[in-house]
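The values are calculated or read from the model by the stated rules, or taken from the named source; none is laboratory data. Since the model is a prediction, treat every value here as computed from it, not as a measurement. All Cβ positions, even for glycine, are placed from backbone atoms using ideal geometry, and neighbour counts span all protein chains on display. To get the accessible areas, we keep the full protein, side chains included, count just its heavy atoms, and leave off ligands, DNA and RNA. Shrake-Rupley method; radii C 1.70, N 1.55, O 1.52, S 1.80 Å.
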Amino acid sequence: MDSTELDGAVSAFLKAGGEVLQVDGFTGTAPIRPRREIPRSPKPLKRPRTRPKSHRMTAEEEEALVCKIRAFAAEGSTQKAAREAIGISQMMFVCLCFEHQIKFQKNNQDHRQAANEKTSLKAKAKRDELAPKVAEYAHLGTRACGELLGISAGNVSRIARENGIPLKRYQ
């Protein structure tokens, strides 16, 4: 409803005998508080841009570093240990390794992999223990066998596959 329709509705209301009551003490809306102006901070100082420091080295120095890095890589030490022993930055170390195709061996046996091996060996032993029971109930089908043994149908299928047990398939 726009203002012209509102004015027409008010005048029709007054013509019909309606009254507008004025309530005492009502002054309208509360005044809007002015915004607090925050003074702007002064502009930061702009330093003139300088060229970055060049870490240039001679070819002989670079070759000496590469020989040291290769020795550490052949020895089987970690990248961090090699970098700290040589005393160069990480960026320079990575760049030299990349430019000269130096690869460090990854530590294949960490504690998580050892824990996973133990867990998988336990699970394999449990599956081998259940194999004769799965062979006994194989004629019932995957789901029924799993429900009787208290394991999932996927585990039943895996035990059957690992031990060469033929399962009854859906027809």
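Going by the structure shown, is A12 modelled with pLDDT of 90 or more, open to solvent by less than 80 Å² (accessible area, probe 1.4 Å) and within 41 Å of the chain's Cα centre (by Cα)? Write out each step before concluding.
Numbers: modelled with pLDDT of 90 or more: yes; open to solvent by less than 80 Å² (accessible area, probe 1.4 Å): yes; within 41 Å of the chain's Cα centre (by Cα): no.
Here the answer is no, as A12 does not meet what is asked.
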Exercise. Quick one: what pairs do we get from segment 138-163, first residue of a type outside the set (K, R), second in a loop (DSSP other than H, G, I, E, B) and open to solvent by 40 Å² or more (accessible area, probe 1.4 Å), C-beta under 7 Å, 6+ apart or different chains?
Worked result: A138/P166; A138/K168; H139/K168; L140/K168; G141/K168; G146/S152
